């Protein structure tokens, strides 16, 4: 194993213009782990309830994902449901039932503590920090957060971010965290808080990497049809971190510019595949060859 | 001369979060011509009133722009004013006074008819078609249109587009014209109407080129500060067409893929410079060396 992923494992109900699913496997940790599993060995730290389907467990294991850190507790699994707008740029939450995720206290199995890569999904900043502290000497620590924590737990979040190498957030979160509307200025502010590598995800508009070597602009893959954008940002993170882990990237040595940029493209690739089917469906058939073919297509789409 | 540009020459009043101007030189034809003037000799076809400032005429002439087709008529010059939203993604029109532009009947001076390149700014589709018919055998004809004509003059617009090689429009116009929300599918529909080269401008999100050789995704330049986005789309068109004219691009021979892609980047470059100052101000000092430096920067920002 190489990459530890911490966060929510959930069941989701979603409705998009292309269809509806009452209950499908989801959660940030699930998406990140699945996307990263094409590049490196992944171990997850999360919690599910008694209703967690053994078939879902098998699916993750078949992708080579280590579930030693996936606790099963009395009660029900985190459930979220929402409806996407016609253009899928907005969504309205219908239900959020935290269930066993409500008092999630992530504990790393002993074997996880020596792993070189750690990705902290969007949970309370205090919990993220405590997980970070359980790791011995990771080469690369990164994660995600959300508007809710930026607004309600800013101090704790700032303390947490100070210990990260990488932050992956979306543009509205970057603006809220920095107080700057302009993304270039927002990035300077955020990078001064700790994470020297900042990836701002912009959904259908691609992503921007800000690092010591200057910014990098990556487009989103132009999909013919987006079936369901749920999890696309998490799959981006999984592709990004998974590729860096595969390549043995080490921030203590400095990460070469090309590696970081390619990681962003692999992130975009994984986000794009995620959108092609509902939930995690695409990962039941996706192959590494398809991933590398789309990576090449990105080159084709952008070189001049 | 090499490129003929037809469209509005105007005075604009604009207010953005960065300031306000009561009356500044503007109009699509002006912006296209100025941006293109860094690449090729440009002649404009437009109309102004008695109030047109000789200093503005001199400014255009100093950029090498031929004004033989710029008619001066009794009355006042087209005037538009508007206010941009805080994030500058929206604007509200305060006043539109067509004045002498109201019955603009573009007439090409004889020397213009043999020119190889024609850009038709956003005017009534019937007028655009009539100008096109005055040209002898242009190598490349392209232009712009807007929601208003797509909705109110669809038939005339379709007849006009059938004679164009290139259409440059923004994403909402592409969706309205094609009836497709997905840009890839929208592009197929639009390219079947005539223009084999379609550039969809997406403002701060860059541009997408659709051509026989497959799509090309270009980012927008990440500016620290956007002073005034007025005219940025027109400057994109000017950079795009100007570069193709400079390179002697000929659609009758086929245009090589690299040339088209570079034209898109030069379009983005010119649009980005336009936004740095109010109105056409940036073109009072901008040099070709700065343009080429930013082109290189685009390579730097996107290669992986």
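Ranked by the mean number of other Cβ atoms within 10 Å of their residues, highest first, the peptides B:61-68, B:143-150, A:265-272 come out as A:265-272, B:143-150, B:61-68.
Rounded if a/c is under 1.5, else prolate if a/b is larger than b/c, else oblate: which is segment B:174-288, with a ≥ b ≥ c the root eigenvalues of its Cα gyration tensor? Note, shape of segment B:174-288 comes out oblate.
Looking down the axis that turns chain B into chain A, the chain B residue with its beta carbon nearest that axis, and the gap rounded to whole angstrom, comes out as B:205, 2. Across peptide B:199-211, the average count of Cβ atoms from other chains found within 10 Å of a residue's Cβ is 2. Between copies, residue B:50 shows label-point distances of 9.2 nm, shortest first, with the point placed 7 angstrom from Cα along Cα to C-beta. Projecting 7 Å from Cα along the Cα-to-Cβ direction, the label point of residue A:252 sits 6.7 nm from its equivalents in the other copies, listed shortest first. When residue A:23 is represented by a point 7 angstrom out along its Cα-to-C-beta vector, the spacings to that point in the other copies are 7.1 nm, nearest first.
Most simply put, segment B:3-302 has about 40% antiparallel DSSP beta bridges, counting only bridges with both residues inside it.
The helix-based estimate of mean residue ellipticity at 222 nm for the protein assembly as shown, built from -39,500 (n - 2.57) per DSSP H run of four or more residues and divided by its residue count, is -11000 deg cm²/dmol to the nearest 500. Considering segment A:229-292, its Cα convex hull presents a mean projected area of 4.2 nm². Using every pair of separate Cα atoms, the Kirkwood estimate puts the hydrodynamic radius of segment A:50-144 at 15.8 angstrom. On a C-alpha basis, how far is the centre of segment A:145-167 from the centre of segment A:219-290 in Å? Whole number, if you could? The distance from the Cα centre of segment A:145-167 to that of segment A:219-290 comes to 23 Å. Remark: relative contact order (segment A:3-302) = 17 percent; criterion is Cα-Cα distance under 8 angstrom and separation of 6 or more residues. Counting Cβ atoms of other protein chains within 10 Å of each residue's Cβ and taking the mean over peptide B:215-222 gives 6.
Any chance you could check the Cα centroid distance between segment A:59-77 and segment B:17-56 for me, in angstrom? Here the two parts' Cα centres lie 64 Å apart. Convex hull volume per residue, computed on the Cα atoms of segment A:1-56, equals 98 Å³.
Other protein chain C-beta atoms within 10 Å of residue C-beta, averaged over B:183-194: 1. Based on the alpha-carbon gyration tensor of segment B:3-302 and its eigenvalue square roots a ≥ b ≥ c, which shape applies: rounded if a/c is under 1.5, prolate if not and a/b is larger than b/c, or oblate? Because its axes are fairly even, with a/c under 1.5, segment B:3-302 counts as rounded.
When the Cα atoms of the protein assembly as shown are aligned to their principal axes, the ranges along those axes come out at 84, 43, 40 Å in descending order.
Quick note: the coordinates plus some simple rules give every number you see, no bench work behind them. Keep in mind it's a predicted model, so treat the numbers as computed, not measured. Please note: Cβ atoms are built from the backbone with ideal geometry, for glycine as well, and neighbour counts cover all protein chains shown.
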